[in-house]
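Here is the structure we will look at, set down as structure tokens.
The values are calculated or read from the model by the stated rules, or taken from the named source; none is laboratory data. Predicted model, so just to flag it, every value in this text is computed and none were measured. With ligands, DNA and RNA removed, areas are computed over all heavy atoms of the protein, side chains included. Shrake-Rupley method; radii C 1.70, N 1.55, O 1.52, S 1.80 Å.
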Amino acid sequence: MKKRFHKLNENEINCSTSKINLFHNRHSLRVKLSFTLTALIMVTILLLWILNRTFLGDYYLHSKMETLDKTFTDINNIYNQKAEGETLTSDELLEIERLSKNENVSVYIITEDIMWEYPLSIKDE
């Protein structure tokens, strides 16, 4: 069985060459769009990275300091409302626990006599 080879005419050669050139031509619209979108995405990622490195740390510290200050003031108000020598009521303990959980801070209250006031035991943490 002999294999027959088909001789390509000039039209078929030009057609197949133009398809190859479409994918490999540096000046084609597809290549220009791909390059432009890739460059735009890379510049955007670089800009966001620079902004995060520059400002995110300062913002986080400022935000955390405000949260700690607000939580301290709220717990201090709760603690100062009780009479001298009294222990915290269950409602006050629940309010302190709610503040601790909502603001994502750990709360430890130690009296002037170096007595552990809150949390009631280390196991509660």
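Using only the Cα atoms of segment 42-125, what do you get for the radius of gyration and for Dmax, in Å?
Over segment 42-125's Cα set, Rg and Dmax evaluate to 18.6, 63 Å.
Compare W49, W116 by solvent-accessible area with a 1.4 Å probe and give them largest first, with all protein chains kept in place. Walk me through the intermediate numbers first.
On the way: W49 145, W116 115 Å².
Listed by decreasing accessible area, they come as W49, W116.
Please give the solvent-accessible surface of T38 in Å², to the nearest 10, using a probe radius of 1.4 Å with every protein chain present.
Looks like 80 Å² after rounding.
If DNA, RNA and ligands are ignored and the probe is 1.4 Å, what is the ranking of K32, K82 by accessible area, most exposed first?
On the way: K32 110, K82 35 Å².
Accessible-area ranking of K32, K82, largest first: K32, K82.
What figure in square angstrom, to the nearest 10, would you give for the accessible area of S28 with a 1.4 Å probe?
The value for S28 is about 20 Å².
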